[in-house]
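Computed from the coordinates by the stated procedures, all read-outs in this text should not be read as laboratory data. This structure is a prediction, so every number in the text was calculated from the model and none was measured. Every residue, glycine among them, receives a Cβ derived from its backbone with ideal geometry; neighbour counts consider all protein chains shown.
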Amino acid sequence: MHDRLATLYPAHLATVQHHAEQALARGGFDHLLIAAGMPGVKFLDDNHYPYAVSPPFKHWLPLTNAPGSWIAYTPGHKPKLIFLQPRDYWHVVPDAPAGYWVDGFEIVVVRSAEEAVAELPQGRCASIGEANAAVAGIEFNNPPAVLDYLHYHRAYKTPYELELMRAASRIGTRAHRAAEQAFRAGASELGIHQAYLAAAGQIDAELPYSSIVALNEHGAVLHYMDFTRQPPARPRSLLIDAGASASGYASDITRTHAAADAGEFQALIDAMDANQQSQAAMVRSGRPYAELHLHAHRQLAALLKDHGFIRMEAESALESGVTRAFFPHGLGHSIGLQVHDVGGFARNDRGDTVPRPDGHPYLRMTRTLEPGMVVTIEPGLYFIEMLLAELRGKPVSKDIDWNKVEAFKQYGGIRIEDDVACTDGAPENLTRDAFASA
């Protein structure tokens, strides 16, 4: 894989430089400054939060442990990496830059934040960094004209980026298999998560997001992250939403598993899986992502009717809000350098956006799909008491089999999620391919 990345990287860097040049021209700037960022300090403490490199920084190079470092780019010149390697005996000092990417940069090693700032160009600079932070006197302006352009074009992944996202998917699927084995063996939520981390070879801070490991009823909490220490007396189901990282690029994978004696709940998982694969196959160039989201609701309505949860037609279930009570989140989002990547609502590179469909406030992607984009497809079916209670007070309540709904609350819910790349033809399902190769 290293040789392939070395081959693909120069074209990726050229693309990033080209976009930077266009963004600077759009905003009227001469230089682009990108801070790698620093770990935040905990309130009333001298310890730090885990460090996470700035996404715009790691877009240029696969350097994820570079606190206090900078990239400076002036069109017509080689990009400059100002690498902070402090004199420090309290912490591990980052290794000097090395690898297939270093020839693309002028590299200057410094020992302090002040030395780093002294290496930055002067003049009309677009400086990108955490908006509320200042580094050695540098205030970040984060100009909207520049960011709108960069965020829009970041949605189109280069072949180099896709290769890293495939690697992240392979790591994630390996860890998901280990998590399922731990569930089958009767482990607690914490134990399942620990099995996941061990198989991924990554610590929590290195994952692209906090893992969701939910047994039984906990699967009805969309962002459940409590990690109970004791296994339930009777494990019935596991919903695990967990990803992995490869040189700063994310995978985002969700699977739902049922105990061997789960009966119809396993049939529901199988039906949701079939729906999800048909939705992933619809990731085609020219299709608005919101259409996929609405199609997923129609499929869910048909599934609910087929399994006897509702007695109404699919379109009525969609229009009356019934499906939203069982599937309250969006179908998915853009993914790449961030698990919820930027540019998901962009109509163009000038900051205009595409609104969400009425009644679907949590959809994170409305953009029209084009080759190079990578999105998640993650339909869900949940038994969330708060939403079900609201549904009970509506006229459509008479068309719902509440006894059956009540019987399935013990399983929490179902979510199945893949990362899917849009191409010129059939989509590439990074997640399914990784599971197949494993």
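Worth a mention:
- In summary, the lysines within cross-link reach of Lys398, defined as a Cα separation below 28 angstrom excluding same-chain residues under 8 places away, comprise Lys305, Lys409.
- Solvent-free Debye calculation, one equal scatterer per alpha-carbon of the chain: log10 I(q)/I(0) at 0.06, 0.14 Å⁻¹ equals -0.29, -1.30.
- Seen from Arg298, the other residues with C-beta closer than 14 Å to its C-beta sum to a net charge of -3, counting Lys and Arg as +1 and Asp and Glu as -1.
- Principal-axis tilt of helix 264-280 within the chain, Cα atoms, nearest 10 degrees: 40
- For segment 62-147, diffusion coefficient by Stokes-Einstein and Kirkwood Rh (Cα), 25 °C, 0.890 mPa s, µm²/s: 174
- Between Glu315 and Ser397, the FRET efficiency from the beta-carbon distance, with R0 = 30 Å, is close to 0.95.
- For the chain, the longest principal axis of the alpha carbon atoms and the long axis of helix 159-184 meet at an angle near 40°.
- For the chain, the relative contact order is 16 percent, taking Cα pairs closer than 8 Å that sit 6 or more residues apart in sequence and dividing their mean separation by the residue count.
- Reported to the nearest whole Å, the Cα centre-to-centre distance from segment 400-438 to segment 19-45 is 36.
- The slack in the chain from Glu114 to Ala262, taken as 0.36 nm per residue of separation less the alpha-carbon distance, amounts to 47.2 nm.
- Look at where the Cα atoms of segment 273-288 and of segment 63-138 average out, and the two centres are 41 Å apart.
- In terms of the mean number of neighbouring beta-carbon atoms within 10 Å, the peptides 186-197, 269-280 order highest first as 186-197, 269-280.
- Cross-link partners of Lys78 among lysines, defined as those whose alpha carbon lies under 23 angstrom from its own and excluding same-chain residues fewer than eight positions apart: Lys58, Lys157.
- Calculated mean residue ellipticity at 222 nm for the chain: -11000 deg cm²/dmol, from DSSP H runs with n ≥ 4 weighted as -39500 (n - 2.57), summed, divided by the residue count and rounded to 500.
- Ordering 40-49, 150-159, 392-401 by mean Cβ neighbour count within 10 Å, with the highest value first, yields 150-159, 392-401, 40-49.
- Peptides 12-25, 55-68 ranked from most to least packed give 55-68, 12-25, packing being the mean of other C-beta atoms within 10 angstrom over each peptide's residues.
- Surrounding net charge for Leu363, when Lys and Arg each add one and Asp and Glu each subtract one, Cβ distance under 14 Å: +1
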